[in-house]
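J.: This is the structure I have questions about; it appears just below.
Every number here is computed from the coordinates shown, using simple stated rules; none is lab data. Computed from a predicted model, the values in this text were never measured in an experiment. When we count neighbours, we look across all protein chains shown, and the Cβ atoms used for this are built from the backbone with ideal geometry, even at glycine.
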Amino acid sequence: MSAATPTAAGARAASVEAAIRAANDEGRAALVVYLPAGYPDLAGSRACLEAAVEGGADLLEVGFPYSDPLMDGPTIQAANQVALEAGLTPRDDFAMCAELTAAIDVPALVMTYYNLVWHYGGTERLEAFAVDAAEAGLAGAIIPDLPGEEGGPWRAVADAHDLATVFLTAPVSSEERLAAAAQASTGFVYATSTMGVTGARETLADSARPLVERLRALSGRPVCVGIGVSTAAQAEEVAGFADGVIVGSALVRAIAAGGPSAVAELTAELAEGCRRGYPG
Amino acid sequence: MTATDLPATDASHYGRFGGRFVPEALIGALGELEAALAEAQADPAFGARMAALREDYGGRPTKLYLAERLTAHGGGARIYLKREDLAHTGSHKLCNVLGQGLLAERMGKRRLIAETGAGQHGVATATIAALLGMECIVYMGEEDTRRQHLNVVRMQLMGAEVVPVTSGTRTLKDAINEAMRDWVTNVATTHYLIGSVVGPHPFPMLVREFVKVIGEETRVQILEREGRLPDAVVACVGGGSNAMGMFHPFIDDAGVRLVGVEAGGEGLDTPRHAATISGGTEGILHGARSYVLQDDYGQVRPTHSVSAGLDYPGVGPEHAWLADSGRGTYLAASDTEALEGFRLLSELEGIIPALEPAHAVLPALRLAGELGPDGVVVLNLSGRGDKDVDEVERVLREVRGEALGAEATS
């Protein structure tokens, strides 16, 4: 495996923030779409991710299924389980991502749990994962069970391979922790709207807006809000105060209901919400 | 090697093991828990209340019993049994849940959640929730709720709600995931009363602090009986709470061997075992770096043991550190060896052990043989075997076609 050779210094990681700011410049919040690799199967997941781009997604998060996803609710767990039972591995997921990123013009990040990142490539550990992520055309990684104080080794490797690193923040995070997460994140800062795991909720938690405002006061990084955003109305609400809106579970359910065309349709509705709600 | 050769460790790490690999939403609660433990340990009133409840309610200190017929059978060192089976709820688990329950009370959290495999930790948590008048939710793999119906009823009788877990592989590890998900959502009102020396910091340290009374009592008792420390302490290891409780007070005594016995299932050369240290690799599971039974990509593997209490793909990070540094020795005993240990202890001593510590019986006998008649071995008898009687009968009769003892000789 060759060492990662970014086409231009910092271009890959920087594409994440650039995509969000480009959407903002066009008068809308960026729409970030999460879908798992390998659901309903590998080719199907690629078709759904491409459909999300057609529907207006500005950024993709590709979930790599893990056996013990403790940050995920029932919808994403069930989709992950389908991929795991089919025997798909992170190597298969990267192969799919390479085809995906060649076919789309928005950045894609991998979202998975730390044990998979750390294990990949045997003794090469984090390095091998970063190399293959970069070679697959991915722009960065989101690792929800890797908090800042344990994240140093991955950040160093990600920086060396020009991959963006996105850390999560929560409504209960202290000011110090928010500042550290904002400082350590490249690309954007992930604001979890509520205390809980992924999954649709009827109403958006009141805790999202204050969290975004606290993060805004601490750094100039874009702030994207995820967890519990599933409808165009909720996307519109979040677009009123955040730079980006992250939707996952609702789109996974759309796959089950109607495949790629249902994904494109819901994505377009969500994108419209992101436009309607954006200030100014 | 001596204790001073061990790699440096801080409160949150054991050598390179341990740490805190959890979603950001839990970091605050883990910090709060760590601070609450430190405050409680500095408060004599907390210590006095816990000590009183351990004694009057829990039946501590548990006895240290010289097992003469087992010793004679081994033909070597004197074998003592630390009788955790005589504690309230029938195992060592009450020490942990009592400590954590009192800590939750101190933090003003009146909703306890727990995971359970066979149901022993769930029963212990339900017990303490009843004692302290708290709400209790126990997550249990759907399959286990069927296999361990009696423990489900026990929990319900004490007022707990048992939630069958249908995600993932529907086993103990998935019950832990589900408890973590509940905790992320309800952390302001809820304490996650984890059942072993596993999970993100401070759990491995906190649970160890509450169970180390086992080794502390043993130390006093063996000095009274033998006038010296034992040559070895032996305990079964799933997540590793009873073993850590026994080992920890002896870590600095280089002359005391620390021997952990994992569940070898159908053999380490098969995928059907739960011997995490003997047969696993380094990884991150349930918030800590330790040894894990997993595939080359880090996907956690299904495990097997005749004993549900050892049927877990991870192990406490402090055990990983003891193994890695050479201070501890970790072996595996198969299902067959555990059943033989179960039978020996029942027939020779009139003590029906839980299947978990039954794993440690044959390794203890072998060790006694190696040490010879001047040696002293302590086996931590971490629980009683009533819960396992049906399973043992089923395995012996149906699977192996053997009859039980009296029938066999009549």
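J.: Dimensions of the range B:147-206 along principal axes (Cα, Å, largest first)?
T.: Taking the Cα atoms of the range B:147-206, the three principal extents are 33, 27, 23 Å.
J.: Within the range B:148-241, report the trypsin sites (Lys or Arg not before Pro) that DSSP leaves as loop and that have at most 15 other Cβ atoms within 10 Å.
T.: B:Arg228
J.: Using a simple spin-label model with points 7 Å from Cα along the Cα→Cβ vector, what separation in nm is obtained for B:Ala130 and B:Glu68?
T.: 3.8
J.: Taking N as the number of residues in the range A:1-146, what is its alpha-carbon radius of gyration divided by 2.2 N^0.38 Å?
T.: The reported ratio for this selection is 1.01.
J.: Let me ask another. Using a Gaussian network model of chain A whose springs link C-alpha atoms within less than 10 Å, name the residue from A:Thr169, A:Thr198, A:Thr89 with the highest mean-square fluctuation.
T.: Result for chain A, Cα springs under 10 Å: A:Thr89 fluctuates most.
J.: Further question: Taking the Cα centre of each part, how many Å lie between the range B:68-92 and the range A:215-280?
T.: Using only Cα atoms to place each centre, the spacing works out to 62 Å.
J.: Can you give me the three principal axis dimensions of the range A:88-214 from its C-alpha atoms, in Å, biggest first?
T.: Principal extents (largest minus smallest coordinate, Cα): 40, 31, 25 Å.
J.: Then there is this: State log₁₀ I(q)/I(0) for the range A:8-277 at q = 0.11, 0.13, 0.14, 0.16 Å⁻¹ as given by the Debye formula over alpha-carbon point scatterers of equal weight, solvent excluded.
T.: The Debye formula, applied to the Cα set alone, gives -0.52, -0.75, -0.89, -1.22.
J.: How large, in Å, is chain B by the Kirkwood hydrodynamic radius built from its alpha-carbon pairs?
T.: 21.1
J.: Give me the percent relative contact order of chain A, please, defined on Cα pairs under 8 angstrom at least 6 residues apart.
T.: After rounding, I find 24 percent.
J.: Here is a further query. Determine the relative contact order of the range A:89-152: mean sequence separation of Cα pairs under 8 Å and six or more apart, normalised by residue count, in whole percent.
T.: It rounds to 42 percent for the range A:89-152.
J.: Let me ask something additional. Suppose we flag GluC sites (Glu not before Pro) only when DSSP calls them loop and at most 16 other Cβ atoms lie within 10 Å. Which is the longest uninterrupted stretch of chain A?
T.: No qualifying site falls inside A:27-201, the longest such stretch.
J.: Mind jotting down a quarter of the surface of the convex hull over the alpha carbons of the range A:137-280, in square nanometres, one decimal?
T.: If you wrap the Cα atoms of the range A:137-280 in a convex hull and average its projections, you get 9.2 nm².
J.: Over what distance in Å are the Cα centres of the range A:136-214 and the range B:310-339 separated?
T.: 35
J.: Can I ask one more? Restricting attention to the alpha-carbon atoms of the range B:110-232, what are Rg (one decimal) and Dmax (integer), both in Å?
T.: Taking only Cα atoms of the range B:110-232, I get Rg and Dmax of 16.8, 52 Å.
J.: Where does the charge balance sit around A:Thr169 when Lys and Arg score +1, Asp and Glu -1, over other residues with C-beta under 15 Å from its C-beta?
T.: -2
J.: In the Gaussian network model of chain A, springs joining C-alpha atoms below 10 Å, which of A:Ala182, A:Ala23, A:Ala257 carries the largest mean-square fluctuation?
T.: The residue that fluctuates most here is A:Ala257.
J.: At a Förster distance of 56 Å, what's the computed FRET efficiency of B:Arg110 paired with A:Ala102, Cβ-Cβ distance as r, to 0.05?
T.: The calculated FRET efficiency here is 0.55.
J.: Give the Cα extents of the protein assembly as shown along the principal axes, in whole Å, largest first.
T.: Here the Cα extents, ordered largest to smallest, are 84, 51, 48 Å.
J.: Sum up the charges of everything whose Cβ sits under 10 Å from the Cβ of A:Ser67, counting Lys and Arg as +1 and Asp and Glu as -1, but leave A:Ser67 out.
T.: Local net charge: -1.
J.: Please list, ordered by chain and number, the residues whose modelled amide H lies under 5 Å from the amide H of B:Gly265; skip anything fewer than 5 residues away on the same chain.
T.: Excluding prolines and chain starts, which carry no amide H, the hits are B:Ala274, B:Val306, B:Asp335.
J.: Restricting things to Cα coordinates, could you compute the convex hull volume per residue of the range B:55-117 in Å³?
T.: Hull volume normalised by residue count: 117 Å³.
J.: Another question, if that's okay. At 7 Å along Cα-to-Cβ for each site, give me the label-to-label distance between A:Ala22 and A:Ala256 in nm.
T.: With each label point 7 Å from Cα toward Cβ, the separation is 3.4 nm.
J.: Taking the Cα centroid of the range B:93-107 and of the range B:149-218, what is the distance between the two, rounded to the nearest whole Å?
T.: Their Cα centres are 12 Å away from one another.
J.: Another question, then. Which residues' amide hydrogens lie under 5 Å from the amide hydrogen of B:Gly383, considering only partners 5 or more residues apart or on another chain, with H built in the peptide plane?
T.: Counting only residues 5 or more places away or on other chains, the set is B:Asp85, B:Ala354.
J.: Still on this model: Taking square-rooted eigenvalues a ≥ b ≥ c of the alpha carbon gyration tensor, is the range B:283-342 rounded, prolate or oblate, where a/c under 1.5 means rounded and, failing that, a/b exceeding b/c means prolate?
T.: oblate
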